[in-house]
Structures are given as C-alpha cells and as structure tokens.
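Trainee: Below is a structure I'd like to ask you about.
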Amino acid sequence: MKIKDIEARMGKQFAGCPLERDEAGVTGALWSISVPLAGLRDAATEFKDAGFFLESITALDFEDTFELVYHFNCYEPCSRVIVRMLCGHDQLAPTICDIFRGAVWLEREVHDFFGIVFSGNSDMRPLLLPEDADYHPLRKTFGKVGAYHKREVIYG
C-alpha cells in the first residue's frame, strides 16, 4: 500500500511535523503535513519514490507570508495528500521540476498569479499572463481587498 508507506516515510523524515488527518473529508485529502520550506525537495523525493504523482501546486497569500500547497496522489483509493509550507513574500521557493517534470508548468502558473519565484526553475516566463505583465492577480495587494490578514488571525 503506497499510502501507508508514504505516511510512515513522512512521519520518519519530518518527525517534528505532525500529520493532520481529515476524518470529515473537508479538504478532499486523507491527511496533510506542514514541512519547512527547506524540506520541500526531500518531501517531493519521498513522494516520487513511493510512486505518487504531483497533482497541483497553488498558494495562499497572507499579510505576513505565503503558504505553498502541493497536492500529491497515486492510483489507490483515498490516497490524495497535501504538503504545505510557509514561504515569505521575499523568499525563493526551491523548484521540484527536476523531480516531477510537470512541476515546470505548475510553478510558472504560481509565479504568474502570486509572484513566487522558484529557484532552479530555468523557465519562469509568464504562462497565462501577458509577457509584459508586472502584476500578480491572486495577491491580496492586487486591486481592492478588504480581508488581508496575517496567517495566525485566520488559522489561530
């Protein structure tokens, strides 16, 4: 079972980062784990070695930080999992495009919409926005947004 294997591997690799189970099925994932930004490549390698594929990458913009959200899945029932990490507004996120080839496009999309730069991704051209775009439409500083809060205000 791949899901049991990756759960044990992630628990061992990131012992200080507890797995949060979603018993109610609210997130659409079996469990999630928050890892440090420096551990992203290690986590991605663990998922690749366990036979998972990268489903999506997105981000959340908070007043004090970004939260990168990676969805991994495999061809087993109920095996979707989430890996989260905090990334400061001025930090570079490490690329995983050498681990998952499809990450090149997903990282470009996140860069387009949030302005997060992935170090090591040699193709950070705009994917969906115009070539001369100097804005990132999913950042809360784009346009008028009244609900721009720090992460702890929202999550506690």
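Trainee: Along the charge dipole of the chain, which of L128, T65, I154 sits closest to the positive end, that is, farthest toward it, with unit charges on the beta carbon of Lys, Arg, Asp and Glu (+1, +1, -1, -1)?
Mentor: I154
Trainee: Taking the Cα centre of region 2-143 as the origin and placing charges on Cβ (Lys, Arg +1; Asp, Glu -1), which of P94, M10, I82 is farthest toward the positive end of the dipole?
Mentor: Going by the charge dipole, the pick is M10.
Trainee: Let me ask you something else. When only C-alpha pairs under 8 Å and at least 6 residues apart count, what is the relative contact order of the chain, in percent?
Mentor: 20 percent
Trainee: Which aspartates and glutamates does K4 reach when only Cα atoms under 20 Å apart count, and residues fewer than 8 places away in its own chain are ignored?
Mentor: Leaving aside aspartates and glutamates fewer than 8 places away in the same chain, those within reach of K4 are E20, D22, E23, D42, E46, D49, E55, E76.
Trainee: I need the chymotrypsin sites (Phe, Trp or Tyr not before Pro) found in region 4-110, filtered to DSSP loop residues with at most 15 other beta carbons within 10 Å of theirs.
Mentor: Loop-located and lightly packed - Y75.
Trainee: Counting only DSSP beta bridges with both residues in the chain, what percent are antiparallel, rounded to the nearest 5?
Mentor: 75 percent
Trainee: Can you give the angle from 0 to 90° between the axis of helix 2-13 and the longest principal axis of the chain, with both taken from C-alpha atoms, to the nearest 10?
Mentor: 70 degrees
Trainee: Just how large is the dipole of the chain about the Cα centre, in debye to the nearest 20, putting +1 at every Lys and Arg Cβ and -1 at every Asp and Glu Cβ?
Mentor: Dipole of the chain, to the nearest 20 debye: 280 debye.
Trainee: Right, here's the next one. Tell me which aspartates and glutamates have Cα within less than 14 Å of K48's Cα, excluding those fewer than 8 residues away on the same chain?
Mentor: Within reach: D5, E7, D98.
Trainee: In addition: Assuming a ≥ b ≥ c are the square roots of the Cα gyration tensor eigenvalues, decide whether region 2-143 counts as rounded (a/c under 1.5), prolate (otherwise, with a/b larger than b/c) or oblate.
Mentor: Prolate, since a/c reaches 1.5 and a/b exceeds b/c.
Every number here is computed from the coordinates shown, using simple stated rules; none is lab data. Model, not experiment: these values are computed from the prediction. Heads up, the Cβs are rebuilt from the backbone with ideal geometry, glycines too, and the neighbour counts pull from every protein chain shown.
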